[in-house]
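The values are calculated or read from the model by the stated rules, or taken from the named source; none is laboratory data. Note that the structure is a prediction, hence the values are computed from the model and not measured. Backbone-built Cβ (ideal geometry, glycine too); neighbour counts: all protein chains shown.
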């Protein structure tokens, strides 16, 4: 009976994946999830053939398929966070281990162990992509809450737990009864069905995605290369006098005095450059803030860093640096703080009357009540309702 239930759960997972493909195919962002759905159909079908058909006696292929899971997990996240039509560079090379392992299915336990480790590694890289995505949305969009993919982290952690669970169960097979093993397989399949269903529902309900990640990653890489070259040049300039000091330690005070003067001049020059740089970005910040306030840009829904750049005539990079260094905030918090303060003033003005919070939130640039509530609590330390109640108590 438990064996039949395992097969039923596998059929349900196949059915859910077919439904998923039908819903996901029109959406380019979900190409990775679409391919993963096709992978589930293939692997579950082969699993069924191995368990209730003749395939197991001919060739055991499902362990080799487990090595495809890691690259597919990464692809799911990569396609979500990037609107690039291309696959990650060199992606197809990551599929070779699975193809090679088809020839090694006489050692399924070893293949499963390697596949589990592979999944954990790829899931960790996928989690890093999510972190980059979240940071970039906060740095470039005022509606970062609506673009968040925090729920993907829940899925990645769940998939990692499932991978470890399956590895543990399969390695314990020689020491547990057949019934216990089948019940463990049933539990794993049901958990897989639940995780896939959650992933599918959350993906389809995701309101929107940030589309500038690829561009920002390229610009960031470029900036890092510049920073590294500048740091290396600076290190070379400062390292030479130190080496000279060591080489001329026994050559008299004249050499030491010359070194000290050079070091002081270099230090003063660097300090002056840092001071000038700080003043430059303070000036830019003042111009940015004047434009944001006078034009009330913060009232615009889905305001982006590019919108502010268009209004000010400044580069997005300079705006971002000016806000980060002067206000010590990312773009998202900077704009939303204007909105929250304006809403507080409006609530103060309307105290004692019937207040439509959603209407006020939408009028001040928020896209939904849930995102407004979340941002209001994070930036003010209390919920909108608690703030309204505090106004009533102060009367």
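Okay, residues lined up against (1) at negative phi; (2) surrounded by 13 or more Cβ atoms within 10 Å (Cβ to Cβ); (3) modelled with pLDDT under 85; (4) under 24 Å from the mean Cα position of the chain (by Cα):
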{"position": "51", "(1), (2), (3), (4)": "yes, yes, yes, no"}
{"position": "59", "(1), (2), (3), (4)": "yes, no, yes, no"}
{"position": "76", "(1), (2), (3), (4)": "yes, yes, no, yes"}
{"position": "87", "(1), (2), (3), (4)": "yes, yes, no, yes"}
{"position": "98", "(1), (2), (3), (4)": "yes, yes, no, no"}
{"position": "104", "(1), (2), (3), (4)": "yes, yes, yes, no"}
{"position": "113", "(1), (2), (3), (4)": "yes, yes, no, no"}
{"position": "120", "(1), (2), (3), (4)": "yes, yes, no, yes"}
{"position": "127", "(1), (2), (3), (4)": "yes, yes, no, yes"}
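Conditions tested, residue by residue: (1) in a loop (DSSP other than H, G, I, E, B); (2) modelled with pLDDT of 95 or more; (3) within 24 Å of residue 288 (Cβ to Cβ).
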{"site": "333", "(1), (2), (3)": "no, yes, yes"}
{"site": "336", "(1), (2), (3)": "no, yes, yes"}
{"site": "341", "(1), (2), (3)": "no, yes, yes"}
{"site": "353", "(1), (2), (3)": "yes, no, no"}
{"site": "358", "(1), (2), (3)": "no, no, no"}
{"site": "367", "(1), (2), (3)": "yes, no, yes"}
{"site": "371", "(1), (2), (3)": "no, no, yes"}
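Consider residue 302 against the criteria (1) touching a residue at least 40 places away in the same chain (Cβ under 8 Å); (2) out of contact with any helix residue (DSSP H, G or I) (no Cβ under 6 Å at 6 or more places or on another chain); (3) surrounded by 15 or more Cβ atoms within 10 Å (Cβ to Cβ): it satisfies all of them except one. Which criterion is unmet?
Evaluating residue 302 over (1) touching a residue at least 40 places away in the same chain (Cβ under 8 Å); (2) out of contact with any helix residue (DSSP H, G or I) (no Cβ under 6 Å at 6 or more places or on another chain); (3) surrounded by 15 or more Cβ atoms within 10 Å (Cβ to Cβ) leaves (3) as the failure.
From the list 208, 118, which residue is assigned to a helix (DSSP H, G or I) and either in contact (Cβ under 8 Å) with a residue 40 or more places away in the chain or touching a helix residue (DSSP H, G or I) at 6+ places or on another chain (Cβ under 8 Å) (or both)? Steps first, please.
On the way: 208 fails: assigned to a helix (DSSP H, G or I).
Answer to the check: 118.
Of the conditions (1) surrounded by 15 or more Cβ atoms within 10 Å (Cβ to Cβ); (2) part of a helix (DSSP H, G or I); (3) modelled with pLDDT under 95, residue 386 satisfies every one except a single condition; which number is it?
Going through (1) surrounded by 15 or more Cβ atoms within 10 Å (Cβ to Cβ); (2) part of a helix (DSSP H, G or I); (3) modelled with pLDDT under 95 one by one, residue 386 breaks only (1).
Considering only residues that are part of a loop (DSSP other than H, G, I, E, B) and farther than 17 Å from residue 33 by Cα, which ones fall in region 134-170?
Let us first name the residues in region 134-170 that are part of a loop (DSSP other than H, G, I, E, B), namely 142-143, 148-149.
142, 143, 148 - these are the residues of region 134-170 that are part of a loop (DSSP other than H, G, I, E, B) and farther than 17 Å from residue 33 by Cα.
Conditions (1) more than 30 Å from residue 170 (Cβ to Cβ); (2) in contact (Cβ under 8 Å) with a residue 12 or more places away in the chain; (3) in contact with a helix residue (DSSP H, G or I) (Cβ under 9 Å, 6 or more places away or on another chain), marked per residue:
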position: 114; (1), (2), (3): no, yes, yes
position: 128; (1), (2), (3): no, no, no
position: 133; (1), (2), (3): yes, yes, yes
position: 137; (1), (2), (3): yes, yes, yes
position: 153; (1), (2), (3): no, yes, yes
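When you go through (1) assigned to a helix (DSSP H, G or I); (2) touching a residue at least 12 places away in the same chain (Cβ under 8 Å) one by one for residue 100, which number turns out not to apply?
(2)
What's the number of the condition residue 347 fails, among (1) part of a helix (DSSP H, G or I); (2) closer than 18 Å to residue 146 by Cα; (3) over 23 Å from the mean Cα position of the chain (by Cα)?
That leaves (2) as the condition not met.
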